[in-house]
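The values are calculated or read from the model by the stated rules, or taken from the named source; none is laboratory data. As the structure is a computational prediction, the values presented were derived from the model and not from experiment. So basically every Cβ, Gly included, is an ideal-geometry build from the backbone, and we count neighbours across all protein chains shown.
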Amino acid sequence: MPHRPDVFWPGFYRTRDPNGAELVAVSGAGVVGHLGLLTNSAPRRKHVASFGIAVHPDHQGQGAGAALMGEMLNLADNWYNITRMQLDVASNNARAIALYRRFGFEVEGESRFDLFFGGRYQHTTHMVRFHPNFAADLA
């Protein structure tokens, strides 16, 4: 949502997943990207995680998103014991979908007209990536 009030942000970070990770990409003297890794605490779903990522428009296409994705997947694969990483992305966000595909994500499905932004209803694409060792067992 655009124009979140300043009071929103401190509470946002206090209520984030205490078992997840918050990663930032820095360029020069400022933060240009953020990725929040959200783990699952339900006993039967502890192997599943999701994430949200944002890169400032002036810095997109310069490697910040790829750096954040690479480090997040390193944590998920080698430290957090995550076998299933899942995400939702606006179906018309071709640039983001291309980034996710580069890191091994594949489309699992789509929800139609479930997202509203820019004055229009949009579709959401659901994507998943399995841990490389686990993915070999799926074949």
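Some points to look at:
- Filter result for N81 (among the polar types (S, T, N, Q), over 21 Å from P2 (Cβ atoms) and touching a Lys or Arg at 6+ places or on another chain (Cβ under 7 Å)): no
- Only a single criterion out of (1) over 30 Å from G119 (Cβ atoms); (2) loosely packed, with under 11 Cβ neighbours inside 10 Å is not satisfied by P2, namely (1).
- Residue check for I82: under 18 Å from N133 (Cα atoms) and either surrounded by 12 or more Cβ atoms within 10 Å (Cβ to Cβ) or aliphatic (A, V, I, L, M) (or both): yes
Yes/no matrix, rows are residues, columns are (1) modelled with pLDDT of 95 or more; (2) surrounded by 17 or more Cβ atoms within 10 Å (Cβ to Cβ):
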position	(1), (2)
I97	yes, yes
E110	yes, no
F117	no, no
V128	yes, yes
P132	no, no
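- Matching option when the condition is over 15 Å from the mean Cα position of the chain (by Cα) and surrounded by 15 or more Cβ atoms within 10 Å (Cβ to Cβ), among V32, V55: V32
- Every residue from region 39-50 that is crowded, with 18+ Cβ neighbours inside 10 Å and either modelled with pLDDT under 95 or at positive phi (or both): T39, N40
- Residue in region 11-29 that is under 21 Å from G104 (Cβ atoms), assigned to a loop (DSSP other than H, G, I, E, B) and within 14 Å of the chain's Cα centre (by Cα) present: yes
- F51, sole failed condition from (1) farther than 21 Å from S27 by Cβ; (2) in contact with a Leu (Cβ under 7 Å, 6 or more places away or on another chain): (1)
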